[in-house]
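A quick write-up on the structure given underneath.
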Ligand code: SAH
Ligand code: SF4
Ligand code: F3S
């Protein structure tokens, strides 16, 4: 019996798929990469932008024929899209061959749902439940890295964003549960732990006792053995001095901060409900570089939010040049039904969005190129991750600051710390050779 999983969207979903795989393997299924051979096919969906949604509906449509040939196959749709208003109904009507629809907090129902479907009954549950991670196994796929959830959901309601509606209100995972999972992973040999939350900096505010994200970082930072601790995502309004201090105190907490800015215009930020100004953000960046001079700061930026003028957009370009991000994920604003920005006036025409995103990407590429050039001729400690699928005989790893480095393939290095001498850089990609092994 075989299972197939297609994962769309962010790290949150990638990690949820590891839990789904764990449940299925526990039920006796083995992984396969070909959906047409699967007994259970899972689509773990994302609805952050319209492009993601369109792609998923396309893939679901293509399944109709496969399911006709193999009527015993169980098709599961879960993840963020299924939690959106009206989507479960739409799937029932337009994609009647889908057997199971599950929401983002309902993974604990997966086994029961599949068993129900195998008795030729539909199963659908998108109530906001919350499972305990500890209640089922996980099948991890990202060694030497391991993802660890610390908080779920989001309370911020940025006016463009669907996440609070599909992932529910913010809930922190108990401090002791997180520590226990991290210790277990380190004992199993994982070399990098990445803490996950929509806003990791607000971790703990809903828990009893005096816990905060900084106290969580310090508790993990104290752990023995060589490993790296990373985390994402940080909301600029909540990144405290205490967190910056914790990063600088513990060498195993990486100086790599994903700090989405979204826009460089204070007026657009206000309408996005981000709750910081351009100056607040730039002051925060100064504070980070003052304590962590080699920090790798990355970001998410959106162009074409309703009402964005050429002037607003130029403020974004100017901010990008000032901050010197090591990389930036750039997005075209996409209207999401149910969010406040959906009904704002002055929606920006696609032609303008397209022109702006091109300019933004080339502006950031210039910045990345400059940073890369300063790294050539230096040595960096890199955690070797494994083969780089884009190049033959090449493996890759990251510097503490999060920059990807390519070097000659040697399987025995996977999961080890090596010192790499950077020989050349082609814009975002660094190439080097191993000069020292752990
Ligand atoms: N919790 C994270 C981001 C989650 S979504 C944070 O607050 O930073 C990841 C990114 O998708 C966001 O940072 C934003 O840049 C982008 N995004 C969210 N909604 C979007 C929309 N409606 N259109 C385009 N991009 C969007
Ligand atoms: Fe969305 Fe804003 Fe929450 Fe991030 S902080 S998930 S962008 S609402
Ligand atoms: Fe992530 Fe997409 Fe959901 S970005 S939280 S999978 S809507």
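The values are calculated or read from the model by the stated rules, or taken from the named source; none is laboratory data. On a predicted model such as this, the values are computed, not experimentally measured, just so you know. Quick reminder, even Gly has a Cβ in these numbers, built from the backbone with ideal geometry, and neighbours come from all protein chains shown.
Scanning segment 17-71 for residues that are within 18 Å of residue 101 (Cβ to Cβ) and not in a helix (DSSP H, G or I) turns up 38, 40, 41, 42, 43, 44, 45, 46, 47.
Look at segment 110-122: where a residue is at positive phi and surrounded by 13 or more Cβ atoms within 10 Å (Cβ to Cβ), no partner that is outside any loop (DSSP other than H, G, I, E, B) and modelled with pLDDT under 95 sits 6+ places away or on another chain with Cβ atoms under 6 Å.
From the list 10, 32, 47, the one residue that fits, being touching a helix residue (DSSP H, G or I) at 6+ places or on another chain (Cβ under 6 Å), on the phi < 0 side of the Ramachandran plot and assigned by TED's automatic domain parsing to the domain that holds residue 94, is 47.
Taken over segment 183-204, the residue count meeting the criterion of being within 23 Å of residue 235 (Cα to Cα) and away from ligand 1 (no atom under 16 Å from the Cβ) is 3. Considering segment 79-170, the qualifying helices (runs of 4 or more DSSP H), each wholly inside and each with 2 or more residues that are within 16 Å of ligand 2 (Cβ to nearest atom), run over 163-167.
Among residues of segment 3-16 being in a loop (DSSP other than H, G, I, E, B) and buried (at least 20 other Cβ atoms within 10 Å of the Cβ), the one that is farthest from ligand 2 (Cβ to nearest atom) is 8. Of all the residues in segment 171-195, those that are buried (at least 20 other Cβ atoms within 10 Å of the Cβ), within 16 Å of ligand 2 (Cβ to nearest atom) and over 19 Å from residue 250 (Cα atoms) number 1. For segment 129-162, residues that are out of contact with any helix residue (DSSP H, G or I) (no Cβ under 7 Å at 6 or more places or on another chain), under 16 Å from residue 106 (Cα atoms) and within 12 Å of ligand 3 (Cβ to nearest atom) total 0. Say whether the condition of being buried (at least 20 other Cβ atoms within 10 Å of the Cβ) and in contact with a strand residue (DSSP E or B) (Cβ under 7 Å, 6 or more places away or on another chain) is met by at least one residue in segment 235-245. No - not one qualifying residue is present in segment 235-245.
Looking at this structure, is residue 285 surrounded by 14 or more Cβ atoms within 10 Å (Cβ to Cβ), under 22 Å from the mean Cα position of the chain (by Cα) and closer than 25 Å to residue 428 by Cα?
Yes: the conditions hold for residue 285.
Looking across segment 163-172, the residues that are within 12 Å of ligand 3 (Cβ to nearest atom) and in contact with a strand residue (DSSP E or B) (Cβ under 9 Å, 6 or more places away or on another chain) come down to 166, 167, 168. Taken together, the residues in segment 191-205 that are part of a loop (DSSP other than H, G, I, E, B), touching a residue at least 40 places away in the same chain (Cβ under 8 Å), within 19 Å of residue 171 (Cβ to Cβ) and out of contact with any helix residue (DSSP H, G or I) (no Cβ under 7 Å at 6 or more places or on another chain) amount to 1. Every condition in (1) assigned by TED's automatic domain parsing to the domain that holds residue 330; (2) assigned to a strand (DSSP E or B) holds for residue 364 except the one numbered (2). Taking segment 313-358 as the range and being in a strand (DSSP E or B), within 16 Å of ligand 3 (Cβ to nearest atom) and crowded, with 16+ Cβ neighbours inside 10 Å as the test, the residues that pass are 330, 331, 332.
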